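Each remark here refers to the structure printed beneath this line.
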Amino acid sequence: MVRRWSGGRLVIASHNPGKLREIAELLAPFEVEVVSAAELGLPEPEETGTSFAANASLKARAAVESAGIPALADDSGVSVTALGGAPGIYSARWAGPGKDFKLAMQKVEQELAACGAADRGAAFICALTLAWPAGTEAAFEGRVEGQLVWPPRGTQGFGYDPMFVPEGYDITFGQMEPAAKHAISHRARAFEKLVAAVFKTDP
């Protein structure tokens, strides 16, 4: 049985402004007082997991241990079929220490060109872990399939959004208004499961 949310403060265990903004907007309808790891001065733990789920759990648990209140962590990235799933859990690291995703997107395009891949299929994957001080955790995953385009299009979103066209659409996440992206994104799909299990009150 997944533990239900009973109100109060929740640490968003991320220092990524784009993720923080999206997560805060997704949690807005619920009785949640959101505070970021950056606001609390929490360090970013080393992501040593071998999967999105493992890294989300690691980050959530580190935030709980430092702050003493429940924490929600997200680990997400883009998995490119022709690159064997890369960059995957290393999506942020492909952007380098300066988190330059223009360079990261360029690197993806260069890798695709180098292997002569005609397949431009990709998926965005998001793993969420909500952890409580008592040691309880709840984990959820969302995924959205799509195609990569070049050059990047749009200035909305963050990360690899400007080069990713979700299945069934002809515009990138970078061209979508935030509300439209929230309705279909990998993070939104993981949140649907989180909300149903933890936040949604029964009628």
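With unit charges on the beta carbons (Lys and Arg positive, Asp and Glu negative) and the dipole taken about the Cα centre of the range 34-131, which residue among 90, 78, 49 sits farthest to the positive side?
Comparing the listed Cα positions along the dipole, 78 ranks first.
Report the gain in length on full extension from residue 81 to residue 25: 0.36 nm times residue separation, minus Cα-Cα distance, nm rounded to one decimal.
17.1 nm
Enter the Cα centre distance for the pair the range 149-183 and the range 9-54, rounded to the nearest angstrom.
22
Round to the nearest 10 and report in Å² the accessible area of residue 75, as given by a 1.4 Å probe over the protein chains' heavy atoms.
Result for residue 75: roughly 10 Å² accessible.
Hey, what did the range 137-180 get for relative contact order, percent, Cα under 8 Å, at least 6 apart?
34
For Cα extents along the principal axes in Å, which listed value, (1) 51, 38, 28; (2) 57, 37, 27; (3) 58, 46, 27, comes from the coordinates shown?
(1)
Can you list the HN-Hα couplings for the range 107-120, worked out from phi with the Karplus curve (6.51, -1.76, 1.60; θ = phi - 60°), rounded to whole Hz and with x for Gly and Pro?
Each residue's phi maps through the Karplus curve to give 5, 4, 4, 5, 5, 5, 5, 5, 9, x, 6, 8, 7, 10 Hz.
If amide hydrogens are placed 1.01 Å from N in the peptide plane, which non-local residues have theirs closer than 5 Å to the one on residue 85?
Amide H neighbours of residue 85, under 5 Å, 5+ apart: 80.
What is the dipole size for the chain, taken about its Cα centre, with +1 at each Lys and Arg Cβ and -1 at each Asp and Glu Cβ, in debye to the nearest 20?
60
Which longest run of the chain has no exposed loop site in it, a site being GluC sites (Glu not before Pro) in a DSSP loop with at most 13 other beta carbons within 10 Å, and the site itself not part of the run?
47-166
With springs connecting C-alpha atoms under 10 Å apart, model the chain as a Gaussian network and identify which of 62, 54, 114 has the largest mean-square fluctuation.
114
Mind checking the range 1-44 for trypsin sites (Lys or Arg not before Pro) that DSSP puts in a loop (not H, G, I, E or B) and that have at most 15 other Cβ atoms within 10 Å?
3, 4
If we count every other residue with Cβ under 12 angstrom of residue 188's Cβ, Lys/Arg +1 and Asp/Glu -1, where does the sum land?
Every neighbour counted, the sum reads +1.
Compute a Gaussian network model of the chain, connecting alpha carbons closer than 10 Å, and tell me which residue from 42, 58, 130 fluctuates the most.
42
Counting only helical runs of four or more DSSP H residues, what would the 222 nm mean residue ellipticity of the chain come to if each run contributes -39,500 (n - 2.57) and the total is spread over all its residues?
That comes out to -8500 deg cm²/dmol.
Quick one: putting +1 on the C-beta of Lys and Arg, -1 on the C-beta of Asp and Glu, what dipole do you get for the range 1-80 around its Cα centre, in Debye to the nearest 20?
Using only the charged Cβ atoms, the result is roughly 240 debye.
Give the residue from 198, 183, 152 lying farthest towards the positive end of the charge dipole for the range 149-203; charges sit on Cβ (+1 for Lys and Arg, -1 for Asp and Glu) and the dipole is referred to the Cα centre.
Checking the options against the dipole of the range 149-203, the answer is 198.
Relative contact order, percent, of the chain when contacts are C-alpha pairs under 8 Å separated by at least 6 residues?
Answer for the chain is 19 percent.
Under a cut-off of 27 Å between alpha-carbon atoms, report the lysines in cross-link reach of residue 107, not counting same-chain residues fewer than 8 places apart.
Qualifying lysines at Cα under 27 Å: 19, 59, 99, 181.
Pull out the extension gain between residue 171 and residue 107, defined as 0.36 nm times the separation in residues minus the alpha carbon to alpha carbon distance; nm, one decimal.
Answer, rounded to one decimal: 20.9 nm.
Obtain the nm distance between the two label points defined at residue 93 and residue 179 by a simple spin-label model: each point lies 7 Å from its Cα along the Cα-to-C-beta direction.
Going from the residue 93 label point to the residue 179 one covers 3.9 nm.
Could I have the simple spin-label model distance between residue 33 and residue 118, label points 7 Å from Cα toward Cβ, reported in nm to one decimal?
My value for the distance between the label points is 5.9 nm.
Let me have the relative contact order for the range 120-203, percent, based on Cα pairs under 8 Å that are six or more residues apart.
30
The values are calculated or read from the model by the stated rules, or taken from the named source; none is laboratory data. Predicted model only: the values in this text are computed from it and were never measured. Reconstructed Cβ throughout: ideal geometry from the backbone, glycine too, with neighbour counts over all protein chains shown. Accessible surface is based on the protein model in full, side chains and every heavy atom, while ligands, DNA and RNA are left aside. Shrake-Rupley method; radii C 1.70, N 1.55, O 1.52, S 1.80 Å.
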